[in-house]
Amino acid sequence: MYCCKVTTLKSPPNLPHSKQRRMSVSFSHFSIPFSESSIASSISLSTGAANNFQLLRGSCLVLHGGASDLCRRFHGLKLRILKKLNCRQHVPANDLKRIRNQDKDQPENSSRNDEQISEAASTIPSSDGSNEEHTRTTSQPKKSTLPPFVQTNSSNLNVDDNHERPSLCIAVIGATGELAKNKIFPALFALYYSGFLPENVGIFGYSRKDLTDEDLRSLIASTLTCRIDHQQNCGDKMDAFLSRTYYLNGGYDNKEGMSKLNSRMEQIEAGYPANRIFYLSVPHEALPDVASSLANNAQTKKGWNRIIIEKPFGFDAVSSQLFTKSLLSKFEEKQIYRIDHLLGRNLIENLTVLRFSNLVFEPLWSRTYIRNVQVILSEDLSMPLGRYFDGYGVIRDIVHSHILQTIALLAMEPPISLDGEDIRNEKVKVLRSIRNLEPSDVILGQYKATSGDKVDVSLSSRTPTFFAAALYIDNARWDGVPFMIKAGVGLIKHRVEIRIQFNSVPGNLYRERIGHNTDLATNELILRDEPDEAILVKINNKIPGLGLNLDASELNLLYKDKYNVEVPDSYEHLLLDVMDGDNHLFLRSDELAAAWNILTPVLQWIDQNNIAPELYELGGRGPVGSYYLWAKHGVWWADD
């Protein structure tokens, strides 16, 4: 079945000739009538495109060619028709976004035919028989006389009429691991329950364990929960999701296993077009073989393919470069999504919104007004480290992706658009502009643990659990502004926030009222994710009463008080971005390389014993050296 059909409708012979016969183009969402006498002359197809169309007796337009190719072409046709007929009020914006993002994943060799089909669509006559060119005009658009379009959920754009055939298949490689059970499958179900996944989605679990479909369903069922704020039909939705979940034992030969996975997917897809997402939740050392086997044996040719790779993205610059080279030999850059769940937090997404949509902040966003920036991520004892932490440490696990990406989003120049590639282009410029670190500007730490503490005490003597540093961005906007970063585990409080301290007021008339500690009177913008998500603005104001006494107060937006909604998990956010083709929160290969260039000298100092971690109490405030580092760069230490 293809995405569109063309038929003719006959009317009684006593009607005028112009109304006797109408031709309609029917898509999965709507039907638009056209005059039969004019559509043939309006749609002019190239030789290659014409091979897919034949007008037969009875005025039926029969389509030939690959199904996915025709679907893609008519997505473009749909967009042009919607623009032509000014039907924006009838089609959700997400529908248009999904259609555009699908075009990004299509082969380049078919773009010529797309343009010709789109040009043809631009001259399709309206229902009144008039023939208008699709050109820019200053005149007011005519009011549409078309019947209302059929409304459907945006996630069903690629869904075939037969709802048993999946339009999207998602394979979780390493399906029996803790990450998959506790995060990935629950996030997929949350998206399914909320209507962001097609009803007929196919979920596949892949691992080396000898399980059945029912075994996998039982394994993940206990981890699935419905939204607190709307639990209608929770049991029915859960049963439907589990019924669409399948398992495959891949064995120890990934090539054979991926071939089996492809066969099982094709069996479920039943020959219909479907897109595929592969989530590689496997140890880093297994990634090259899994990715290569997947690329050669499990990709679909009837839709797009995307792969998700978990951090850490390499052990060092060399291993990361080799793996990136291997990936790019099998996949295009646009297919690769390097995921860091910390970047899916609302705080990160709000960085660009806060800055670029509020005039009060954007003019101040430079060294002229900003004194320093602090990026803080501290985790307490409630946050498990995981087995892989030893050997990787806090630098590879947190600093390399989350901290540096946060700084890049915070400090980048305004992108030309919100397109993922435009944002990535600006981020990588920031990363390449960061000055080389000096040993004196870096503090490493490692917590002291005993056998009575509920933590992994088998850490090697050189594995850092705390990292603090002063970074400088050598460009015109940020020259001389210290970016202080602090990331650690086993600390006193779970805390994730960004603090932007502004310069003091020149010639402040109230300096005598402020006292000697001018830092207390510094204006500050605080973006907090944990413990309670909030936006705080620190200002100076007069204390009510007689006399003139000043006080530093906070204007606060506390999310839990303002928005009575359940905040989605970061994996939900990022998985939805992958499905939509929005890659601005995922590291591109050049961003990955730039981040390693910043941190590689530090890793070499550790290996050469030129710098050693400072011990700190488990559940404490971190190494004492970090306080001295803040003082060295003239930054007031924010209390824990």
**Study point:** Inter-label distance, nm, simple model (7 Å from Cα along the C-beta direction), residue 215/residue 413
**Key:** 5.6 nm
Exercise for review: Would you calculate the separation in nanometres between label points at residue 564 and residue 234, each defined as 7 Å from the Cα along the Cα-to-beta-carbon direction?
Suggested key: 1.9 nm
Point to revise | Length released on extending from residue 286 to residue 435, taking residue separation times 0.36 nm less the Cα-Cα span | key: 50.3 nm
Check your understanding: Efficiency by 1/(1 + (r/R0)^6): what FRET value for residue 358 and residue 632, r their Cβ-Cβ distance, R0 = 45 Å, to the nearest 0.05?
Key -> 0.85
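Summing Lys, Arg as +1 and Asp, Glu as -1, what charge do residues with Cβ under 15 Å from the Cβ of residue 611 carry, residue 611 excluded? Mind dumping the intermediate values first?
Numbers: positive: 462; negative: 438, 441, 607, 614.
So the surrounding residues net to -3.
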Check your understanding: For the residue pair residue 301 and residue 333, what label-to-label distance in nm results when each label sits 7 Å from Cα along the Cα-to-beta-carbon direction?
Key -> 2.8 nm
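Sorted by packing (mean other beta-carbon atoms within 10 Å per residue), highest first, where do 372-381, 464-473, 523-532 land?
The densest-packed peptide leads the list: 464-473, 372-381, 523-532.
So what is the relative contact order for the stretch 168-310, in percent, with contacts set as C-alpha pairs under 8 Å and at least six apart?
Details: 212 pairs, mean separation 43.7, N = 143.
Relative contact order for the stretch 168-310 comes out at 31 percent.
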Point to revise | Peptides 318-326, 570-578 ordered by average Cβ neighbours within 10 Å, highest first | key: 570-578, 318-326
Revision key, fill the gap. Given a Förster distance of 30 Å, the FRET efficiency implied by the Cβ-Cβ spacing of residue 508 and residue 475, rounded to the nearest 0.05, works out to 0.55
**Study point:** Centroid-to-centroid separation of the stretch 171-242 and the stretch 542-614 [C-alpha atoms, Å]
**Key:** 29 Å
Exercise for review: Anything over 25 Å Cα to Cα? Flag those among 209/334; 325/427; 181/302, in the order listed.
Suggested key: 209/334; 181/302
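Full extension from residue 555 to residue 256: what is 0.36 nm times the residue separation minus their Cα-Cα distance, to one decimal in nm?
On the way: separation 299, 0.36 × 299 = 107.64 nm, distance 5.98 nm.
Once the chain is fully extended between residue 555 and residue 256, it gains 101.7 nm.
Would you mind putting 246-256, 500-510 in packing order, based on average other-beta-carbon counts within 10 Å, highest first?
Numbers: 246-256: 16.9, 500-510: 13.4.
By packing density, highest mean first, the sequence is 246-256, 500-510.
Read the figures in this text as sums done on the coordinates, not as results from a lab. Note that the structure is a prediction, hence the values are computed from the model and not measured. A quick note on method: Cβ atoms are made from the backbone with ideal geometry, for glycine too, and the neighbour counts reach across all protein chains shown.
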